[in-house]
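Everything on this sheet refers to the single structure shown next.
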4 protein chains.
Amino acid sequence: MNRNVIITCALTGAGETPGRSEHVPVTPEQIAAAGIEAARAGAAIVHVHVRDPETAKGSREVGLYREAVDLIRAADVDVVINTTAGMGGDLMLDPSEPTTFVEGTDLVNGVERLAHVEELLPDICTLDCGSLNFGDGSLVYVSTPDILRDGAKRIQELGVRVEMEIFDTGHLWFAKELVSEGLIDSPAMFQLCMGVPYGMPADPQLLATIVNQLPPEAVWASFALGPMQLPWVAQSILLGGHVRVGLEDNLYLRRGVKATNADLVTAARTIIETMGAKVATADEAREILALSSRTTR
Amino acid sequence: MNRNVIITCALTGAGETPGRSEHVPVTPEQIAAAGIEAARAGAAIVHVHVRDPETAKGSREVGLYREAVDLIRAADVDVVINTTAGMGGDLMLDPSEPTTFVEGTDLVNGVERLAHVEELLPDICTLDCGSLNFGDGSLVYVSTPDILRDGAKRIQELGVRVEMEIFDTGHLWFAKELVSEGLIDSPAMFQLCMGVPYGMPADPQLLATIVNQLPPEAVWASFALGPMQLPWVAQSILLGGHVRVGLEDNLYLRRGVKATNADLVTAARTIIETMGAKVATADEAREILALSSRTTR
Amino acid sequence: MNRNVIITCALTGAGETPGRSEHVPVTPEQIAAAGIEAARAGAAIVHVHVRDPETAKGSREVGLYREAVDLIRAADVDVVINTTAGMGGDLMLDPSEPTTFVEGTDLVNGVERLAHVEELLPDICTLDCGSLNFGDGSLVYVSTPDILRDGAKRIQELGVRVEMEIFDTGHLWFAKELVSEGLIDSPAMFQLCMGVPYGMPADPQLLATIVNQLPPEAVWASFALGPMQLPWVAQSILLGGHVRVGLEDNLYLRRGVKATNADLVTAARTIIETMGAKVATADEAREILALSSRTTR
Amino acid sequence: MNRNVIITCALTGAGETPGRSEHVPVTPEQIAAAGIEAARAGAAIVHVHVRDPETAKGSREVGLYREAVDLIRAADVDVVINTTAGMGGDLMLDPSEPTTFVEGTDLVNGVERLAHVEELLPDICTLDCGSLNFGDGSLVYVSTPDILRDGAKRIQELGVRVEMEIFDTGHLWFAKELVSEGLIDSPAMFQLCMGVPYGMPADPQLLATIVNQLPPEAVWASFALGPMQLPWVAQSILLGGHVRVGLEDNLYLRRGVKATNADLVTAARTIIETMGAKVATADEAREILALSSRTTR
């Protein structure tokens, strides 16, 4: 069991959630405020997406990232910044003519996905380690080995740590290839994403199985989408991992009760502490992940 | 443990294997001959792809399927015919400009993938239940929920049984959706494909885990790519499943010794029988899979 | 995941714990008071051992059971009563002459182990489904198939429900034999006891494995000894089970902080509710376990 | 997967099998002859029990061991000798008065169990790492931590390698204690015994689970009782282990066909080689197990 647990709070994501909960932060100010509150509640890491303030849709706009990240860095709370680099892999097909891309497509190469990372140099950025269907319909998330190797190389050159997001067991296979090719510094950091349709289901036995497949000395966390988010905090630490909660993945504190990001962090902290473990500080997270110390860059 | 084991022989596939072994059948005559030999050696089902006789590359040409299937049906050996319907899902990207499709792309809709199935009405055809990266490089296999539902409906209308091919755990999740939506007749038939980069690795504990996720009354088989093909025969039956061998997935009988399809069927039979199980006949396979009886159509 | 969770509180056990925590109840009055507090805190079931008030050692004395059980039944709180029937199986050997039994031996037949059950007719009593070493040294817990069948028959005749305690995988195998021989009424009730040296270790993957071995329609709970007690509350409900906490199995609320029984029930409730599940009432527990309704006998 | 597989042949055991198959060797000459044939068929190790030639029951008589072992050592075939040291742990209770030991009891201390080991200095002897019920009825196999520590110390002093036999998960827990206490030389050698009522059932997922619990650098084998013996050869090597077959554990080559020890070794060899692995020689087994080289002592 993990007894010193890093909580990552995934503040907003890119999903169609702002219409479903008033707590989902949309503007850079809202996102930064949510991150600061989450950090105060116990999150050692905030995972940052940004949204277009007009449409509330997910965005890759560097200016929006800068605004959000600068506000968090300027706050009087210490937190590790993890930005997504998973945007720019969306391929929306017309199923009757699948070589025709339709609205919703946002597909760029591995380096273009990193524009904000190059500019802002967060402590960590994500790398989504494979392609898969995303939800019902015809959206394919596309990240090929070529694209991923280009991305990994560039992120490492920037001195930013890679968090490899794993949506299914084949992604883990490829992620281990990246590690064995020397494209990922040690300790390799894995985020095991469960319950995202149609990736790995949130099945405890499956998590145990893939944890057994991780390379030695890996640092890993796991989360589950939707109502399994808080139970999965317990499952992850029982199997030795860190945890992630937040409105990107789940809107509810419990059935019928909408949550803020800080509410979800507090609930995770309650589970962790009642189970007899402790919540890691930002500095402890830096040590576990071999990050450089806090900078204001 | 499964004590009455259906052997499927996957005769040729669509991979770049003809240059690597002289035993890989290429022309319809060769494919049919390989299927007939495999059936004589103990395969109850042959899984048929066809290849362009000029280039040896995989093909969706109906005429080629007709030739191969007619020859097998005309033979004096009883075997169940399973044709692929997985062709037509290949998207080859330029990784630096990923919305540009390059050579190697063959991407059509769910119904177009079935032209040969409509024409030849095999007993079974496959349905590859999701998208994933195929190998290193930038080939994405694309099969979205929309495409898959269209395909499943059409196959069922034709009275052909669907074999759901599962390359990763998210594919199984979606396949179970197809079953619960009533798009797949009972007993649902699953082929668990292990060791295909970058799908599920050939890990015994992973197979046990996903077998536990199958719906009750599922009929399932499993295979592993490459040198794990013959060991996986044992693993599948130990966990209650049927098996698949053949040159589509593996070229060697043992290290350094190239195999024919019939050699691999014979080796599978040896493992099965030495473990104390028996090999199912074509008629027993029809009963297990609730197929209609042999026809010459 | 189990969303309506029965908490059993195991109040005192028979271990050498009274000298290690002042909260371990010893006299019947203390045991009853602890049970009543635990019920108020959320335990639907109390698991009752008694101790000799002079020596604080575990006892099979019917009068002590009567006193404790009567006090709990008379209280103004509703709780299901589960008494141990596991006492009377202790064989302490001289390791240099192992046919010589030494102090600490208390070994009687299957029916004698039930004297207090016959007298008090609790809702439930336990049946420890096999023999194993208990701890380091030379104490063997002895419960053979003959003894267990005699016990199961007698308990069923009394109209008391059997909770089959499972200390290792072979015990589960035999318990399933009892079920298939018709010696256990439906729904069969299993308590999976983890972390008792030298029975099953408290390993999440092992719990998942043995849960897969349970017969369909089993109702089960699981607990872990020592510092894994509270984490195991989460693990059990994640895999679909009920839970057990209490001073029989663990003395600490967290490192360095000694607990009361009610403290441990409250902590379990916190974990359960924060994970989004609810705590079952005594009446809900009766329904889940198909017990007859509350009586004061 | 294990690609260089040690086959142990367990020649006769101590069970009531001589009346059930004419192939079970009884006299020292028969046991030695069976061992020599098994070695010729591919067994690198023979596991030796002896039987009273008059009654055919299992025996601890040193003279019988000497006769059998000397004959095997004198043969012109190279094989590693592993004698049981598991005899002398049988406690047969009267279930109605369980402190009364009845016929069938043969319970001695840890050092007395080793008389033949001291005399004959086999390469390996077994140590059964816990107590459990053996079969239906009232036979308890008794091996307490005290007895086991005494045995382990003496065996190590003799320069004989310990094979720790594991009948359930709690035995593995204790065996790991022996290793961590320095009572077992490296590499620790485990025999995972499945399907012995009422020990661990022969469940592939359970084997995967306990293999994950083994200490790093353990060398392990596994076998299953009865009709799962030959399938378990495949399961063990798939999970990285060595194998054991022989008439001690199973009398049949296949349903209705009684086997000799050599038949079972040959069948194991067929499975191993058809799966693409090789069978280790006696010298390779010595190297894997860090045994000293062949002696005739």
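The values are calculated or read from the model by the stated rules, or taken from the named source; none is laboratory data. Keep in mind that what you see is a predicted model, and the values were worked out from it rather than measured. Here the Cβ is made from the backbone with ideal geometry for all residues, glycine too, and neighbour counts use every protein chain on show. Quick note on the areas: whole protein, heavy atoms, side chains included, nothing else; ligands and nucleic acids left out. Shrake-Rupley method; radii C 1.70, N 1.55, O 1.52, S 1.80 Å.
Some points to look at:
- Computed over neighbours whose Cβ is under 14 Å from that of residue C:217, the net charge equals 0, Lys and Arg +1, Asp and Glu -1.
- The phi torsions of segment C:249-254, fed into the Karplus equation with coefficients 6.51, -1.76 and 1.60 and a -60° offset, translate into couplings of 10, 6, 9, 10, 7, 7 Hz, rounded to whole numbers, with Gly and Pro shown as x.
- Whole-number Å³ per residue for the convex hull built on Cα positions in segment D:150-289: 121 Å³
- Sequence-ordered 3J(HN,Hα) estimates for segment A:125-132 from the Karplus curve with 6.51, -1.76 and 1.60 and θ = phi - 60° stand at 9, 7, 9, 8, 7, x, 9, 6 Hz, glycine and proline given as x.
- Average partner coverage of A:102-112, which counts Cβ from other chains inside 10 Å: 2
- Distance from the D-onto-B rotation axis is smallest for the Cβ of the chain D residue given, in whole Å, as D:234, 2.
- Shielding by partners, peptide B:266-277 (average Cβ within 10 angstrom, other chains): 5
- Subset of D:258/D:278; C:153/C:176; B:258/D:278; B:153/B:176 violating a 20 Å alpha-carbon distance limit: D:258/D:278
- Residue-count net charge about residue C:9 - beta-carbon cut-off 12 Å; Lys, Arg +1, Asp, Glu -1: -1
- Each part reduced to its alpha carbon centroid, segment C:2-39 and segment A:1-77 end up 45 Å apart.
- 7 Å along Cα→Cβ, label-point gaps from residue A:16 to other copies, nm, shortest first: 4.1, 6.6, 7.0
- Spin-label pair residue C:258/residue B:217, simplified geometry with 7 Å Cα→Cβ offset, distance in nm: 5.9 nm
- Across the copies of the chain, residue D:136 has label points (7 Å from Cα along Cα→Cβ) spaced 4.0, 5.2, 5.9 nm apart, shortest distance listed first.
- Packing-based ranking, highest mean first, of D:24-34, C:16-26 given that Cβ atoms within 10 Å are counted: D:24-34, C:16-26
- Volume in Å³ per residue [convex hull over Cα atoms, computed for segment B:245-294]: 95 Å³
- Annotation note: GluC sites (Glu not before Pro) in segment A:86-126 located in DSSP loop regions with a Cβ neighbour count of at most 16 within 10 Å are A:103.
- The antiparallel fraction among DSSP beta bridges confined to the protein assembly as shown stands at about 30%.
- Annotation: amide H of residue B:252 within the under-5 Å range of B:259, sequence separation 5 or more or interchain, hydrogens built in the peptide plane.
- As an equivalent ellipsoid, segment C:133-198 spans semi-axes of 23, 13, 10 angstrom, where each value is the square root of five times an eigenvalue of the C-alpha gyration tensor, largest first.
- In sequence order, segment D:181-189 has phi-based couplings of 7, x, 8, 10, 5, 8, x, 4, 10 Hz under the Karplus curve 6.51 cos²θ - 1.76 cosθ + 1.60, θ = phi - 60°, and Gly or Pro positions carry x.
- Taken as Cα centroids, segment B:251-297 and segment B:160-182 sit 24 Å apart, rounded to the nearest whole angstrom.
- Residue C:260 sits with roughly 40 Å² accessible to a 1.4 Å probe, with DNA, RNA and ligands left out of the calculation.
- Neighbourhood charge, 12 Å Cβ-Cβ cut-off, centred on residue A:198 and excluding it, Lys, Arg +1 and Asp, Glu -1: -3
- Alpha carbon convex hull of segment D:27-140, projected area averaged over orientations, nm²: 7.9 nm²
- Taking 7 Å steps out from each Cα toward its Cβ at residue A:105 and residue C:54 produces label points 8.9 nm apart.
- Spin-label proximity, residue A:94 to segment B:132-147 - amide N less than 19 Å from point 7 Å beyond Cα toward beta carbon: B:142-147
- A straight line joining the Cα centroids of segment C:84-123 and segment A:98-114 runs 71 Å.
- For chain A, radius of gyration divided by Kirkwood radius, i.e. Rg to Rh on alpha-carbons: 0.93
- Of all DSSP-defined beta bridges confined to segment C:42-132, some 50% are antiparallel rather than parallel.
- Size descriptors for segment C:81-238, from the alpha-carbon set: Rg then Dmax equal 15.7, 46 Å.
- Amide H contacts of residue B:220 (H built 1.01 Å from N, under 5 Å, at least 5 apart or other chain): B:190, B:242
- DSSP beta bridges in segment D:173-297 [antiparallel fraction, %, rounded to 5]: 20 percent
- Taking amide H atoms as placed 1.01 Å from N in the peptide plane, the amide H of residue A:165 lies under 5 Å from those of A:127, A:128, A:129, A:191, each 5 or more residues away in sequence or on another chain.
- The Kirkwood hydrodynamic radius of segment C:1-72, based on inverse pair distances between different Cα atoms, is 12.5 Å.
- The other copies place their residue D:216 label points at 0.3, 4.4, 4.4 nm from this one, listed shortest first, where each point is 7 Å from Cα along Cα→Cβ.
- Value of [θ]222 nm, deg cm²/dmol, for chain C, DSSP H segments ≥ 4, -39500 (n - 2.57) each, nearest 500: -10000 deg cm²/dmol
- Judged by the mean number of other Cβ atoms found within 10 Å, the most tightly packed of the peptides D:146-154, C:137-145 leads the ranking C:137-145, D:146-154.
- Long-range tail of P(r) for segment B:184-263 (Cα pairs > 22 Å, %): 25 percent
- When the Cα convex hull of the protein assembly as shown is projected onto planes of every orientation, the mean area is 45.7 nm².
- Of the GluC sites (Glu not before Pro) found in segment D:148-194, the ones in coil according to DSSP and having at most 15 other Cβ atoms within 10 Å of their Cβ are D:181.
- When chain C is treated as a GNM with alpha-carbon contacts under 10 Å, the residue of C:95, C:187, C:53 showing the greatest mean-square fluctuation is C:95.
- Test item: A:128-140 mean partner chain Cβ contacts at 10 Å: 6
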